[in-house]
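The values are calculated or read from the model by the stated rules, or taken from the named source; none is laboratory data. The structure presented is a predicted model; accordingly, all values stated were derived computationally and were not measured. Note that we place each Cβ from the backbone using ideal geometry, even for glycine, and neighbour counts take in every protein chain shown. Ligands, DNA and RNA are excluded from the accessible area calculation, which covers all protein heavy atoms including side chains. Shrake-Rupley method; radii C 1.70, N 1.55, O 1.52, S 1.80 Å.
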Amino acid sequence: MRGALQDAGHAEDEIEATVLRLRDERLIDDASFAARFARSRMAHQGLGRHRVRRALWQKGVSKGVAEAGLTEALSEVSEASVLDALARRYWRQRAREEPEQRLRKLWVFLLRRGFPGGLVGERLRALWPRHRDALDGLEPLEAEVPDAPDES
């Protein structure tokens, strides 16, 4: 909000007064926004916690507020269920590929969607136990998440 008002040429004291008034009227509420945003991105766009966290930071949500919103969303949306649905759809769409190759590509796809590596490995082994050997050697590393922006 501050950035938009600055870009529109408003003075700093006007910006501060506007932001304070909007917060008092609960029209600006980062905590509520973070939870709704995280819930929506996970449930409807199939993103994992790492991608959601990064998106919140990019939107200017502070680290603590982003984590609280993500925690609230994870209490309502099952990340494992979202991952399973994505994995099954991916699996069906690539039916012509060899199962082992498909599973390894699926692993990478899910990590890029922001799911934790340990969860990806666990769910893929549970969904396709016949092909679990294809995942041997893949490290259950967490997807890289940059440091949170400075809150200053």
So, in the stretch 78-111, of the ones that are free of Cβ contacts under 8 Å to residues at least 40 places away in the same chain, surrounded by 19 or more Cβ atoms within 10 Å (Cβ to Cβ) and of a type in the set (A, V, I, L, M), which residue ends up nearest to residue 45 (Cα to Cα)? 111
Please state which of the following conditions residue 119 fails to meet, knowing it meets all the rest: (1) hydrophobic (A, V, I, L, M, F, W, C); (2) open to solvent by less than 50 Å² (accessible area, probe 1.4 Å); (3) out of contact with any Asp or Glu (no Cβ under 7 Å at 6 or more places or on another chain). (3)
Taking into account only those residues within the stretch 1-35 that are in contact with an Asp or Glu (Cβ under 9 Å, 6 or more places away or on another chain) and of a type outside the set (A, V, I, L, M, F, W, C), which is farthest from residue 66 (Cα to Cα)? 6
Please verify whether the stretch 45-56 includes one or more residues that are modelled with pLDDT of 90 or more, among the polar types (S, T, N, Q) and closer than 30 Å to residue 133 by Cα. yes
Residues of the stretch 4-51 being open to solvent by 50 Å² or more (accessible area, probe 1.4 Å), not acidic (Asp, Glu) and not in a helix (DSSP H, G or I), in sequence order, are 8, 9, 10, 26, 27
